[in-house]
Every structure is written in C-alpha cells, then in structure tokens.
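Single-structure report; data block below.
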Amino acid sequence: MSWRLVLVAGLALVLAFTARWFWPSERSAIVLPSLPDPRFDYSLENFSARFLADDGRLELQVSGPRLVHDSASRTVALTEPRFRLDPEGSNWEGQAELGYFLRDADELILSGDVRFTQALPVGETLVTGERLHHDRRARTIHSDRPVEIHRPGTMLRAGGLIVNLEDDSIELFNDLHGQFQAAPALPRDSRTGSAASGSSRR
C-alpha cells in the first residue's frame, strides 16, 4: 500500500466525520443548558449604602445591622435602619424599626417607631409616626398615618403629612391638633405695675 493511498483514505475519513458533525440528527438532538437567572438573593450584615441623584448629589444614606434582598419581589428589607435624607439640602436624619426599599418604585418605606429630625437654627424639628415613605423621584416624605411634629414650644398632631424636600416645606392634613407653649412672662416692676423690659439705663 503506497503512502498516497493512505493519505487519500485519511482525508476521506476526516471528511466523513466532519459531515456527520454538521448533519442534523433526529436521534440525538443537542440540548443547550439554560442560562442562569441574573437576579439573586443576598443578605448583608452591618451594611451602609449611598444613593446619588442624576447630577451626582448625595440624596440618601442608609445603614443598619442587616439587609436582605429578595429577587422575586425586588425588595430590600432593612432591620433597624438609620438614614439621612437630602444631606446636602434639607438634611433630615432618623431611624426606624424596619425599612423596605422598593427598587422598581425607588421608594423607601419606614415603619415602627419612625423618628425624623432636622436641626434648624431655631431648634430641632422632630417628626414621629408609625409609617413614613420617602419617594426619591418625587423628593417627598409622606404619610397617611397619624404623625406628630415637635418644635421648640410647639407640638402638632395630624392624620398625615407631606414634606417637600425641594422647598423644605411641611404640609399637615386630616384632624389637625396643636399645643403651643406661651413665652414665659416677664417680671413686673413693683413700682409701676408694668412688665420689666429686661434692660436698664445708666
């Protein structure tokens, strides 16, 4: 047998295997594995997260002892979250027993002894309630549950509120009640019977 015959036989065998590889077969269909789902569940301990606006401004900081992400509902559950809203503007901060971040709605829901505070030159503003929502898209904090607002010398109760972070205004609605502490009376001058002015002339 010459080497030419061996070469021709080898080429024929290679062509036969190549044609068989590309030729479809009903007996052995190729089954491609399904691609993994990119969504997944995870949990974090002692977490801290920052959310930025489109212009790069810091809008929200959230931290806490535990975070759990559920891929099916696309929600993030927060245990005892601490947060700062609009740190470069209104600068509200506070805490709650539980929190839920809805990724599709871009909304943070806080529940269970929620406390919001804002430091102002005239004193601290404190907002308390059982359930408050922070809507990042609308830049509002709102609630349709009873809330209380405490300011120096003032306490207000209402059935709900809206805090607009754009102009730092607070709107209260539904069954509004308030308590106002009067300013302390000035001591009276025993000689004239009028209130003392608190200043003296020399």
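Read the figures in this text as sums done on the coordinates, not as results from a lab. Bear in mind that the values here come from a model prediction, so they are computed numbers and not experimental data. Cβ coordinates were reconstructed from backbone atoms using ideal geometry, including for glycine residues, and neighbour counts include every protein chain displayed.
Computed over the alpha-carbon pairs of the stretch 42-180, the distance histogram in 5 Å steps reads 2, 10, 20, 23, 21, 13, 7, 3, 1, 0 percent, short to long.
Listing ASP41, ASP168 from fewest to most neighbouring C-beta atoms within 10 Å gives ASP41, ASP168. Evaluated with a Cβ-only charge set (Lys, Arg +1; Asp, Glu -1), the stretch 42-180 carries a dipole of roughly 240 debye about its Cα centre, given to the nearest 20. A simple spin-label model places the labels of ARG137 and ARG157 3.5 nm from each other, with each point 7 Å out along Cα-to-Cβ.
Charge tally for LEU85 (other residues, Cβ to Cβ under 14 Å; Lys, Arg +1; Asp, Glu -1): -1. Short-range pairs are left out: with C-alpha atoms under 8 Å and at least six residues apart, the relative contact order of the stretch 42-180 is 13 percent.
Between ASN164 and GLU124, the distance separating the two model label sites (each 7 Å from Cα on the Cα→Cβ line) works out to 2.8 nm.
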